[in-house]
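The values are calculated or read from the model by the stated rules, or taken from the named source; none is laboratory data. Note that the structure is predicted; figures quoted are calculated from it, not measured. In this analysis, Cβ positions are derived from the backbone assuming ideal geometry, glycine residues included, and neighbour counts consider all displayed protein chains. In case anyone asks, the SASA skips ligands and DNA or RNA and just uses the protein heavy atoms, side chains included. Shrake-Rupley method; radii C 1.70, N 1.55, O 1.52, S 1.80 Å.
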Amino acid sequence: MERKKIIRKYSIFAILIAFWFIFRYFPTFTEWFYSEGIYPFLAKLLHLAFGWVPFSMGDVLYTLFFVSIIISSIKHFSKLWKKPLWALDKVVSKIIHIALAFFILWGFNYFRMPLSERLGISTTYTEAQLYKATEEAIVRANALHQQLALNDSTKVTLPFTHDEIYRIAHESYPLEKNGITDFHAIKSVKSSLYSKLLTYMGYSGYLNPFTNEAQVNRKMVGYAIPVTACHEVAHQMGYAAEEEANYLGYLAAKKIENPYFRYSAALFALRYLLSEVAKVSPEKYDNYYAQVRKGILENYKEVRLFWQQYKNKAEPVFKSSYDVFLKANKQSAGIDSYDLVVGLIINDK
């Protein structure tokens, strides 16, 4: 009986590895079979199961999981030393089942066709294109700031609660652009129960792959909350690559008929563009920076100061771990993948 269990367990592992290789190296097949085939159905089921719950069921499940590990470790403490192979077998078994659930429920989306190919958008650009896009972004951000702020030097304050932002973010999809559509009838955008921990880790949100809940850091302040919520909804739609979720989140916030969401999108794009200009030409950067209204700079300052107060020695460790994770899942730029959104923004038509 024990032998049969071992054979069954490692057969599951072999099947997972086989699917992993197939999906990883055949993105067209992955797009058709998984991302546009199986995944939307799974996402709908998860939204039906957990979307109606007013709090994060994913965070509750994580809590129960870690509690069960502690209880199990205490209960079987003696076996950990007397039967190390037994303990190792249990750990490997857990890892296999978690990995299997992760990839089936969401993770295989890492291997789908690049969004740029589907939309026919080039991700390369010239310096001239970068400068032009930055100039246009400054004009757009300044105009929205003038519309929403009391004067040139005051920041824009969002007049919404987090829950209201989540509702609007969910409703901002689908995007009528080359077949990108949303398939989530039930909203499942929520604040993380571990928002303080996320803040210390340096994260503004994440997608729970086991419950398909878009989790947003409730402690966040400032202009970035709407575009962050839209970013996490893009992950729900099956766009795993960070630059793609960045782009779709930006696009959704930009297109919605809400000036505050458009302002969030405008400042999001401008920040990335200015950062890229700074790498290419510090002189140009100084020139562009001087053209930005002071109130916008106050919005940037508010967010920067918020994150600075939570800086700690553990944050780089979390960031490095996520960098390794992304690279292992076909995002060669790792955590710098977020910055690749610049090419998509510049070439967006």
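Couplings 3J(HN,Hα) of segment 28-33, computed from phi: 5, 5, 4, 4, 6, 7 Hz, in residue order, whole Hz [Karplus 6.51 cos²θ - 1.76 cosθ + 1.60, θ = phi - 60°; x for Gly and Pro].
Close amide H pairs (under 5 Å, H built 1.01 Å from N) link SER191 with VAL216, residues at least 5 positions away or on another chain.
Less than 5 angstrom separates the built amide H of GLU213 from those of ASN208, all sequence-distant by 5 or more or on a different chain. Between helix 84-105 and the chain there is an angle of about 40 degrees, using the helix long axis and the longest principal axis of the Cα atoms. In the chain, the portion of solvent-accessible area held by carbon and sulfur atoms comes to 63 percent [1.4 Å probe, whole percent, DNA, RNA and ligands not counted]. Along segment 194-211 the Karplus relation, 6.51 cos²θ - 1.76 cosθ + 1.60 evaluated at θ = phi - 60°, assigns HN-Hα couplings of 10, 4, 5, 5, 4, 5, 5, 7, x, 10, 8, x, 6, 9, 6, x, 8, 10 Hz to successive residues, with x for each Gly and Pro. Of ASP286, ASP336, ASP323, which has the largest mean-square fluctuation in a 10 Å C-alpha GNM of the chain? Highest fluctuation of the listed residues: ASP286. For segment 161-320, the relative contact order comes to 22 percent (Cα pairs under 8 Å, sequence separation of at least 6). When the charge dipole of segment 115-347 is built from unit charges on Cβ atoms (+1 for Lys and Arg, -1 for Asp and Glu) and taken about the Cα centre, the candidate among PHE325, ILE225, ALA253 whose Cα reaches farthest toward its positive end is ILE225. Can you tell me the 0 to 90 degree angle between the C-alpha axis of helix 259-280 and the longest principal axis of the chain, rounded to 10? That helix lies at roughly 90 degrees to the long axis.
Scanning residues 5 or more positions from GLY205 or on other chains, those with amide H under 5 Å from its amide H are ASN217, with H placed 1.01 Å from N in the peptide plane. Rank ALA49, VAL67, SER191 by how far each Cα sits towards the positive end of the charge dipole of the chain (+1 on Lys, Arg Cβ; -1 on Asp, Glu Cβ) and give me just the farthest. Going by the charge dipole, the pick is VAL67.
Suppose only helical runs count, i.e. DSSP H with n ≥ 4. What mean residue ellipticity at 222 nm does that imply for the chain under -39500 (n - 2.57) per run, divided by all residues and rounded to the nearest 500 deg cm²/dmol?
Details: 16 runs with 221 residues, N = 349.
Helix contribution divided over all residues of the chain: -20500 deg cm²/dmol.
Remark: segment 45-52, residue by residue, has Karplus-estimated 3J(HN,Hα) of 4, 5, 5, 5, 6, 10, x, 6 Hz, where x stands for each Gly or Pro and the curve is 6.51 cos²θ - 1.76 cosθ + 1.60 at θ = phi - 60°. Dimensions of segment 115-347 based on its C-alpha atoms, expressed as ranges along the principal axes with the largest first, amount to 46, 42, 37 Å. Relative to the longest principal axis of the Cα atoms of the chain, helix 315-328 runs at roughly 70 degrees. Of all stretches in the chain that contain no GluC sites (Glu not before Pro) in a DSSP loop with at most 15 other Cβ atoms within 10 Å, the longest one is 1-175.
With both partners inside the chain, how many of the DSSP beta bridges are antiparallel, as a percent to the nearest 5? Show your work: numbers first, answer last.
Working: 5 of 8 bridges.
Taking every DSSP beta bridge within the chain, about 60 percent pair in antiparallel fashion.
In a reduced charge model with +1 at each Lys and Arg Cβ and -1 at each Asp and Glu Cβ, the chain shows a dipole moment near 1680 debye about its Cα centre.
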